[in-house]
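Asker: Following this message is one structure expressed as structure tokens.
The values are calculated or read from the model by the stated rules, or taken from the named source; none is laboratory data. As the structure is a computational prediction, the values presented were derived from the model and not from experiment. Positions of Cβ are backbone-derived with ideal geometry, glycine not excepted, and every protein chain shown enters the neighbour counts. Ligands, DNA and RNA are stripped out before the accessible areas are found, and what is left, the full protein with its side chains, is counted by its heavy atoms. Shrake-Rupley method; radii C 1.70, N 1.55, O 1.52, S 1.80 Å.
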Amino acid sequence: MSDNNDILSREIVIAGKLAENGVSVQVKSRAVAAMDRLLGSLADIPTAFAEGVASKIRVKTQIEERLLVAKAELAERKLMGIPSAADALLFDMMKEAGRKQINAAGVAVHTVEELKAFPSPSEQTQKEQTDPQEAVDEDWFNQFVRYAEDASSENLQQLWGRVLAGEINSPGRFSRHTLRFMAELDKETAQNCEFAAEYIVTDFIPHSNFWMENKPFMIAIDLARLGLIEGAAGKSPNRSFTIGPEGCFFQENGKHAIVCKGPVGTKFNVKAMPLTRLGIEVFSLLAVKDETTSLRTLAKILEKQSVDEIQLGTFEPEINGIRFFESEVLFVRGT
């Protein structure tokens, strides 16, 4: 009965924490279901969710205390003359299970923190909203749990928390192929991904002479070999842009965008290295230091074509379009 009360308490706390950001009922429901499967009857997690990431150490202490009690009980059995060949094996199994619980709990706390950072339902576009009845795929989740239970470092727990939060918010967002890729990610590949992420504009990397230099060229070739991007070996496809009826076109990247002005109907072609599905999913998990870097790179390429003016700024979605806030003029023809 106590375990049931603990689980109910956890569900109430999770729902309450997510309600603070206006998370939809469907997302809260998927989050509670995911936490139940990830944590089982782990008792002290409700307070951990309420307090956030800093409380993970207390969850670890609780599990370690359980193991100490179990070890003491086994020692007492031995002193009483009732040893069992299975005792040592049983304790090893409990120790391994405890390790996995500690790691899974860390991932769970990070998941809730990531979910709280998602836009509220009113701020999400129609494209981002999913079928309210859609659930996280069971096979996907089984595979995810194995990786979460082995995530012992803070960075890995945060990474897997970001993955689960994205999948809860939009089931199907991350493929099982992406899970395997992230689980096998080595340090060099991670560094190459972080380097390239600074130059991504939504779903492509503008291909300039920069990517023909030694280090960038080798990084691009490696990312193409891994199946993250295409067009790295000189066979880059074109990404086309057209000046619309308003006399400009708009290219966003995160919370920033450039607005390019010119004659209506003018077309521009930019050589690009498109991200594959795997690339889109993997790069969406990486934090970018400055999302304007890629937009400035694109602007430099467009300067050489028939564009009259380029502005950089932030924007906000509106019902009938967007509102652009200019912060910097990057280029004006003739000046």
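Asker: Which of the peptides 181-190, 247-256, 196-205 is most tightly packed, and how do the rest follow, judged by the mean count of other Cβ atoms within 10 Å per residue?
Answerer: Put in order of decreasing packing, that is 196-205, 247-256, 181-190.
Asker: Still on this structure, please answer the following. Enumerate the calculated ³J(HN,Hα) couplings along the range 262-279 in order (Karplus 6.51 cos²θ - 1.76 cosθ + 1.60, θ = phi - 60°), each rounded to whole Hz, writing x wherever the residue is Gly or Pro.
Answerer: Coupling constants for the range 262-279: x, x, 4, x, 5, 10, 10, 10, 10, 5, 9, 10, x, 7, 7, 4, 4, x Hz.
Asker: Please report, for the Cα atoms of the range 212-285, the Rg to one decimal and the Dmax as a whole number; what are they, in angstrom?
Answerer: Spelled out, the Cα radius of gyration and Dmax of the range 212-285 are 15.1, 42 Å.
Asker: One quarter of the convex hull surface, Cα atoms only: what value does that give for the range 128-231 in nm²?
Answerer: Numbers: hull surface 30.7 nm².
Projected area, direction-averaged: 7.7 nm².
Asker: Label points 7 Å out from Cα along the Cβ direction at E65 and K187: separation in nm?
Answerer: It works out to 3.7 nm between the two label points.
Asker: Let me spell out the model: positive unit charges on the Cβ of Lys and Arg, negative unit charges on the Cβ of Asp and Glu, origin at the Cα centre of the range 246-311. What dipole size does that give, in debye rounded to 20? Please report the intermediate quantities before stating the final value.
Answerer: Details: 9 positive and 8 negative charges, 46 e Å.
Rounded to the nearest 20 debye, it is 220 debye.
Asker: Quick one: which residues, 5+ away or cross-chain, put their amide H under 5 Å from the amide H of R239? H built at 1.01 Å from N.
Answerer: The list, which skips near neighbours in sequence, is V270, K271, A272.
Asker: Whenever you get a sec, line up I322, I168, I221, I102 from highest to lowest accessible area (probe 1.4 Å, protein heavy atoms).
Answerer: I322, I221, I102, I168
Asker: I've got another one for you. Can you give me the Kirkwood hydrodynamic radius for the range 196-335, using every pair of distinct Cα atoms, in Å to one decimal?
Answerer: It works out to 15.7 Å.
Asker: List the residues, sorted by chain then number, that are 5 or more residues from T276 or on another chain and whose placed amide H is less than 5 Å from its amide H.
Answerer: The answer is I229, E230.
Asker: Once you've got the Cα coordinates, tell me which of K267/K300; K215/K300; K100/K289 are over 24 Å apart.
Answerer: Where the Cα-Cα span goes over 24 Å, the pairs concerned are K100/K289.
Asker: Quick one: length gained pulling E96 to M212 fully straight, 0.36 nm per residue minus the C-alpha distance?
Answerer: 36.9 nm
Asker: Moving to a separate point now. Give me the 1.4 Å probe accessible area per residue for the range 200-335, excluding ligands and nucleic acids, in Å².
Answerer: That works out to 54 Å² for each residue.
Asker: Here's another thing I want to ask about it. Taking every Cα atom in the range 257-325, find the radius of gyration and the maximum pairwise distance Dmax, and write them in Å.
Answerer: 14.4, 38
Asker: Can you pull the percent of the range 151-287's accessible area that's carbon plus sulfur, 1.4 Å probe, other chains left in place? The partial results should precede the final answer.
Answerer: On the way: 3300 of 6440 Å².
It is 51 percent, rounded to a whole number.
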